[in-house]
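Everything on this sheet refers to the single structure shown next.
The values are calculated or read from the model by the stated rules, or taken from the named source; none is laboratory data. As the structure is a computational prediction, the values presented were derived from the model and not from experiment. Counting neighbours? That spans all protein chains shown, and the Cβs are built from the backbone with ideal geometry, glycine included.
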Amino acid sequence: MEKIRVAVIGLGYVGLPLARLFATCYPVVGFDVKQERVAELKEGCDVTQEVSDELLKSVLLSHLPEDQEIGLYCTSDIEDLRSCNYYIVAVPTPVDMHHSPDLTPLYRASEMVGQVLNQGDIVIYESTVCPGITEEECVPILAKTSGLVYNQDFFAGYSPERINPGDKLHTVEKIVKVTSGSTSEAAAKVDALYRSVIQAGTFPVSSIKVAEAAKVIENSQRDINIAFMNELAKIFHLIGIDTGEVLAAAGTKWNFLPFKPGLVGGHCIGVDPYYLIRKAQDYGFHPGLILYGRRINDTMGEYIAGRIVKCMIKKDISIRHAEVLVLGFTFKENCPDVRNSKVGDVVHYLQDYGMHVSIYDPWVRQEDVKKEYQLEVLPFLPNKKFDAVVLAVAHTDFQSLYIPALLKDNSVVYDVKGCLNPDWVDDRL
């Protein structure tokens, strides 16, 4: 019987929950280039809050697992990976400022794994890519760095991540896992590995490209549907009817999809479609619908800021030097993830109008927002009144907040999420 020893490369929102899960059955070495991240994990603390301290500590090892010792050892030392035979790569795949795929983290991870790859090993990628990237871009790096022959000395697989940050119901073991491999034997091994820990089961597909394509269209589909809702919100605002009420009425039909308008950020929905767009363009195809959906969603920050300004003008509130409070900065509710948060767009546009914007979000790490957006997040709710309050993220922390206590006598409340008391709200998306 094969002795399985798993390495997980990248201990972020995707890698850590997966490493923790595998560590309940196998010896696992978790690797991350960020030494600060590894130090926190060794203390049993996950700042992303995807894995509870209790769960993390239950699998942590203070040493490299011996033979078939079950548990998770976290490290930043590449040499600690040499004894592994399954390598799971779960590093970010972002886009650059021009919305072009940035595969740099994937290339670096592949080079690193190639340095410790041994005969018979399998490298499984979970990072979101467009069809073809694993075998056309990553595998050649593995082969060149290791000196091994693909599908003879080492093998590859692809099993797309389906982590939903902040979701404590749909955790990794409860979500069906798509699996694939570079040969039929490798595919069977990859599927068996995941099937041994995934309660919801697996869904093997015929090729790595099919698995890659399945992942990238999952989020592209959501992006397009939300773009449709955002366009409807603009239309209904012009007509003078409430978007939320329209959607509630339409939702009484059994097959109406329950999407809502909003800001589309995060590491998946606002990013993955660009990978599919680039691949289509490589083949000379112009993906008009996907591109237009992206254009709509990427401009919603500016649109919302403009709506806020119009509300203030109608109330004769001086725009320049107005005091505005933005509640929430993460890309979604009840999680600390600020990657690609479009709330930043709203804030920057309001600042461009000359307003003084204060941000409060009890979920974020202030240093993350400062580093990525050059914005300050207040550590507590300010004891002052504002010309405008904007609910940007529907954290449960804000549900009991009495908004009128934050307002001046003449002020504006804008509800991006449509969840505040309607009596308080001047306008909503």
If you check residue 67 against the conditions, is it out of contact with any strand residue (DSSP E or B) (no Cβ under 7 Å at 6 or more places or on another chain) and either under 19 Å from residue 172 (Cα atoms) or of a type in the set (Phe, Trp, Tyr) (or both)?
no
If residue 311 satisfies every condition in (1) at pLDDT below 95; (2) in a helix (DSSP H, G or I) but one, which is the exception?
(1)
Members of the stretch 132-171 that are modelled with pLDDT of 95 or more and of a type in the set (Val, Ile, Thr):
133, 134, 139, 141, 145, 149
Kindly check whether there is at least one residue in the stretch 201-223 that is closer than 15 Å to residue 21 by Cα, among the hydrophobic types (A, V, I, L, M, F, W, C) and out of contact with any Ser or Thr (no Cβ under 8 Å at 6 or more places or on another chain).
no
Take the stretch 130-158 and flag every residue that is touching a Phe, Trp or Tyr at 6+ places or on another chain (Cβ under 6 Å), within 21 Å of residue 206 (Cβ to Cβ) and of a type outside the set (Phe, Trp, Tyr).
130, 134, 139
If I filter the stretch 331-353 down to residues being of a type in the set (Asp, Glu) and not in a helix (DSSP H, G or I), which single residue comes out as nearest to the chain's Cα centre (by Cα)?
337
Give the number of residues within the stretch 166-199 that are buried (at least 21 other Cβ atoms within 10 Å of the Cβ), among the hydroxyl-bearing types (Ser, Thr, Tyr) and free of Cβ contacts under 8 Å to residues at least 40 places away in the same chain.
3
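Listed residues 270, 301, 266, 293; which is modelled with pLDDT of 95 or more, touching a Lys or Arg at 6+ places or on another chain (Cβ under 8 Å) and either outside any strand (DSSP E or B) or within 27 Å of residue 385 (Cβ to Cβ) (or both)? I'd like the intermediate steps shown before the answer.
Numbers: 270 fails: modelled with pLDDT of 95 or more; 266 fails: modelled with pLDDT of 95 or more; 293 fails: touching a Lys or Arg at 6+ places or on another chain (Cβ under 8 Å).
The conditions single out 301.
Test residue 249 against the criterion of being at pLDDT 95 or above and either assigned to a helix (DSSP H, G or I) or among the charged types (D, E, K, R) (or both), and give yes or no.
Values: at pLDDT 95 or above: yes; either assigned to a helix (DSSP H, G or I) or among the charged types (D, E, K, R) (or both): yes.
In short, yes.
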Against the condition loosely packed, with under 13 Cβ neighbours inside 10 Å and either of a type in the set (Ser, Thr, Tyr) or within 30 Å of residue 300 (Cβ to Cβ) (or both), how does residue 226 come out, does it pass?
no
Does residue 334 fit the bill of being modelled with pLDDT under 95 and under 21 Å from residue 419 (Cβ atoms)?
yes
Regarding residue 370, is this residue without any contact (Cβ under 8 Å) to a residue 12 or more places away in the chain and surrounded by fewer than 22 Cβ atoms within 10 Å (Cβ to Cβ)?
yes
If you check residue 224 against the conditions, is it among the β-branched types (Val, Ile, Thr), over 22 Å from the mean Cα position of the chain (by Cα), modelled with pLDDT of 95 or more and not in a loop (DSSP other than H, G, I, E, B)?
no
In the stretch 97-130, residue modelled with the highest pLDDT [restricted to those that are over 14 Å from residue 154 (Cα atoms) and small (Gly, Ala, Ser)]:
109
Quick one: is residue 44 under 18 Å from residue 109 (Cβ atoms) and in the same structural domain as residue 91 (by TED's automatic domain parsing)?
no
Checking residue 271 against (1) within 25 Å of residue 368 (Cα to Cα); (2) touching a residue at least 40 places away in the same chain (Cβ under 8 Å); (3) surrounded by fewer than 22 Cβ atoms within 10 Å (Cβ to Cβ); (4) β-branched (Val, Ile, Thr): exactly one of these is not met. Which one?
(3)
Within the stretch 382-400, is even one residue of a type in the set (Asp, Glu), within 25 Å of the chain's Cα centre (by Cα) and modelled with pLDDT under 95?
yes
The listed residue being hydrophobic (A, V, I, L, M, F, W, C) and buried (at least 16 other Cβ atoms within 10 Å of the Cβ), out of 308, 313
308
